[in-house]
Amino acid sequence: MNLFREPLLHFLLAGALLFGAFAWLNRGEDASGDVDTTIRVTERELTWLAETWGRQWQRPPTDVELQGLVTDYLREELLAREARGLELDRDDIIVRRRLAQKMDFILEDTARLASPTEAELRARYDEDPARFSAPARVSFQSVFFSAEKRGDRAATDARAALTRLTSGASDPDPARLGDSTLLPDRMEAADEQEIAGVFGPDLARTVAGFAPGGWVGPVESEFGLHLVRVTERREPEVRTFEAVRTELEEEWRRRANESARQAYFKGLLERYDIAATDGVRSMIDPAVATLRGEPD
Amino acid sequence: MRKAIVPYALGTSLIIAGLSLTSLAQEAAPPPEALHEAFPAKKSYSPHAGRNFPTRPFWGDTHLHTGASMDAGAFGARLGPEEAFRFARGEEVTASNGMRVKLARPLDFLVVADHSDYMGFFPKLFSGDPDYLKDETGKRWYEGIQKGGNDAVQTATDIIDRFSKGTFPPALSPLPGTPTFRSAWEVTLKAAEANNKPGSFTAFIGFEWTSNTGGNNLHRVVMFRDNAVKAGQVEPYTTFRPSGSDDPKDLWKYLQAYEDKTGGNVLAIAHNGNLSNGIMFPEIDSFTGKPITKDYATTRARWEPLYEATQIKGDGEAHPYLSPNDEFADYETWDKYNLNMSVPKEKGMLQYEYARTALQLGLQLEAKLGVNPYKFGMIGSTDSHTGLATADEDNFFGKHAGTEPNAKRMAHAVGCFGTNCILGWTQAASGYAAVWATENTREALFDAMERKETYATTGPRMSVRFFGGWDFAPSDATSRLPADVGYAKGVPMGGDLAAAPAGKSPTFLVAALKDPLSGNLDRIQVVKGWIDGKGVRQEMVYDVAWSGGRKPGADGKLPPVGDTVDVRNATWTNTIGASELITVWKDPSFDPSLRAVYYARVIEIPTPRWTAYDAKYFGGHAPEGVPMTTQERAYTSPIWYTP
């Protein structure tokens, strides 16, 4: 998908292949910082100029336009070389941010290019397979007793109905007990969060802990009282490696990106000395810790 | 159809009886032949099998912006489509202001709808693209944004202002066909594909078309039923001529062309009529200066089955000026200006801006043109520009990154243009879209939206049923399975009634179940709109079900439900109101020769508004006059009666 990313990223990363000119131009600068006084212009620069132009205009430039591009390029390059010679790029907030950003892009894209090996993913999975558990799921029935309709009698009525349901009395049909409601009279294989979305968090917490068996209750919810019968309970189920592979990969990439960045900064911080004056020293340590990804 | 009910109910009682019997050894099991007789051969044993109507609403936001939207990026949104989807799925993320944030409950679906105009502009400006810096304005903006703080806000305001006024520098406009534009679209497509999990979460592909001529809002969210293979064959439609246009009629052509080209399926949802200054639901087409035509009506109804009736920039169901007898009409009203605050509102504009009046206007136009252009269902959405689809009062992350929670956000402007300002406290923590679909997939949700089986809420997830028919009886409201009765004897929200049987009036089965995490219910109302014998728009709001044995007063008004809100602690108690309401209502003044439209409005008891949660959390005081309580609500899609 790199093709669709910001052209600059592509340019930097695949520079050698597609936009070789960039790397080539920078080659001229030696370590002392002196400015190279040769400006090389070859077919490669020309192609690059034409392609950049073409991407914006959706057609190749005419000869006149290409001439203009070359002129502009030379003008810009001459001025830029001089500016660098005068060190105008120093202490310029825009240049600094832009340079930092280019490095950021490179880091980010490098991390994206990396892929985990099968073994890495397996190892990550094996560390703690329980981490990938699907939550416990219960199927249950509910008979509802409306506190709004029955007032103080709701609890007594619910207990009376429970007795009928569990004692084998003549009419144990739960669908005829309790009050009619828009709440469902059952949920199938629902986890606690799903139950909470329908019956509210209190009942969800209680019912998610129930084992299958007979009618119990009353259990209180946001709506009233419920007799509940858990018909089936699926314990938290550890999902197989194959089932969580994509999640593992996503997680690996997030971590890889983060740790690559932190490692990079660790390396940089070893190579650079930070000379802080007394007034700011207290703020340097926390900043360095953040860059290294160390907890506060 | 009616017969189908009996086996359902019988099946339910028998299956439950059967289950109980197995657990009660002392009960004798019925002989097998008795069971055979009890079940008609064609009906499944399970009452749930073969039940092919929706049994639960799915919740989502059809209108969310991320940092890829030009203005959102300018205001500092750093979350992209990927983070937006992950947040909607229930993951914890870091907001642009650095706070960790998570939804109380995941959403079931989300449309990331970034602005098509200048899509990708901001990431490119932010990256200091050399071409942008060559432009004088581009350079000034880049520096402004880089400085952050107030400079960045000023810059963002300037960007939006120029955008609204059409004075954007041409050199800075990423247009369809450019790499910047394409790459932004690809990011959207990719994020939607990666996060679409049929059965558990639906990630829709979409964008927002942002027609804003003269600062008047005619925006539409465009959403696709299809995957990236199809949606990727086009690029989002912009307002820039010649490849784009600011005229909705041209957007509809684009939608048609998309379906013709790909065989796909797409729809558009308009929003914020309140900021259109009288041109959202026109009688006179603002682009031609002439009355709208039958072709306009047909095409609009074809592509725009839904309207976003509530969102952060104001509620759009009703306006107190248009509905002076409706004491609930003045809810989160934004009626000072058009979108960019360049032109103040005049009263005459309001009738073309609000959903309730538009539904009536649609009936009037239908009588004239033969087609109802404003035959829309209702949804709510956030239109948040933070990448965070938050509509809960106690978890509200605001309109844009600058209004994410902070101690001063109530008193600070959401936006200022010239001396006209809109202050932060006026933001509504609203809304979500509820969709009665059979399953959580792009196809099922989209199809339910096309048939308008949807409703809007201002945030809470109350469950609302609304059926219309000729034969609902009071006893249907006490049914154990109201939805079964509703579908069997009538049409659901979004449906049509015609051919009134002689002497009959429409009856409605309407029911609401509160959100277990929100306030109790105050009342259900049915809003009727119709065109009288003289061709004049009429409306009436009926209280049809309410809590606590209240009696309407001499003026016919039901007394208020009361108020348990403790503003200082941002809490309330559900000691008033009802946890559910259900009734059958019959139109008392039905005239079979007149067109009519009916929808239900459900009102909660007062609960703390987001401003109360802010004041409590940040330990400050709200500015004088800021509302600290709210009565959340739901608006169903209508049911239409056509003679």
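Structure notes:
- DSSP-defined beta bridges in the protein assembly as shown - what % are antiparallel, rounded to 5: 85 percent
- Set of lysines near B:K452 by C-alpha distance (under 25 Å), chain-local residues within fewer than 8 positions excluded: B:K197, B:K230, B:K249, B:K253, B:K294, B:K313, B:K368, B:K375, B:K489, B:K514, B:K528, B:K586
- Degrees, to the nearest 10: B:149-165 long Cα axis against longest axis of chain B: 80 degrees
- Charge tally in the Cβ shell below 14 Å around B:Y296, where Lys, Arg are +1 and Asp, Glu are -1, B:Y296 excluded: +1
- Evaluated over the range A:81-199, the Cα radius of gyration and Dmax, each in Å: 32.3, 101
- Ratio of Rg to Rh over the protein assembly as shown (Cα coordinates, Kirkwood Rh, two decimals): 1.00
- Secondary structure note: in the range B:247-394, about 35% of the DSSP beta bridges are antiparallel.
- Shape category assigned to the range B:457-544 from the gyration tensor of Cα positions, a/c cut at 1.5: oblate
- Extension gain, A:V70 to A:R253, is 61.7 nm, computed as 0.36 nm per intervening residue step minus the present C-alpha separation.
- FRET efficiency estimate (nearest 0.05) - Cβ-Cβ, B:R162 to A:A80, R0 30 angstrom: 0.50
- Inter-label distance, nm, simple model (7 Å from Cα along the C-beta direction), B:D295/B:L517: 4.9 nm
- Rg/Rh, computed from the Cα trace of chain B with Rh as the Kirkwood radius, has the value 0.98.
- Karplus-derived 3J(HN,Hα) values for the range A:186-199, using 6.51 cos²θ - 1.76 cosθ + 1.60 with θ = phi - 60°, are 6, 10, 10, 6, 9, 8, 4, 5, 5, 5, 4, x, 9, 9 Hz; glycine and proline are entered as x.
- Counting only DSSP H runs of at least 4 residues, each contributing -39500 (n - 2.57), and dividing by the residue count of the protein assembly as shown, the helix-based mean residue ellipticity at 222 nm comes to -11000 deg cm²/dmol.
- Where Rh is the Kirkwood radius over Cα pairs, Rg/Rh for the range B:283-336: 1.09
- Using alpha-carbon coordinates, inclination of helix B:179-195 to the longest axis of chain B, degrees: 30 degrees
- 3J(HN,Hα) from dihedral phi, the range B:106-116, Karplus parametrisation 6.51/-1.76/1.60, rounded to Hz, x for glycine, proline: x, 8, 8, 7, 8, 10, 7, 10, 7, 4, 6
- Isotropically averaged projected area of the range B:147-227, using the convex hull of Cα atoms (one quarter of hull area), nm²: 7.8 nm²
- Antiparallel bridge percentage (DSSP; both residues within chain B; nearest 5): 80 percent
- Normalised size of the range B:110-244, defined as Cα radius of gyration per 2.2 N^0.38 Å with N residues, equals 1.12.
- Partner shielding of B:515-522 amounts to 3, given as the average count of beta-carbon atoms from other chains within 10 Å of each residue beta-carbon.
- A simple count of charges around B:N265, restricted to other residues whose Cβ falls under 15 Å of its Cβ and scoring Lys, Arg +1 and Asp, Glu -1, yields -1.
- Karplus-derived HN-Hα couplings along the range B:551-566 (A = 6.51, B = -1.76, C = 1.60, θ = phi - 60°), whole Hz, x at Gly and Pro: 10, x, x, 4, 7, x, 8, 6, x, x, 6, x, 7, 10, 6, 9
- At R0 = 56 Å, FRET efficiency that the Cβ-Cβ distance of A:L291 and B:N52 yields, to 0.05: 0.45
Each value in this text was obtained by applying a stated rule to the coordinates, not by laboratory testing. This structure is a prediction, so every number in the text was calculated from the model and none was measured. Neighbour counts run over all protein chains shown; Cβ positions are idealised from the backbone, glycine included.
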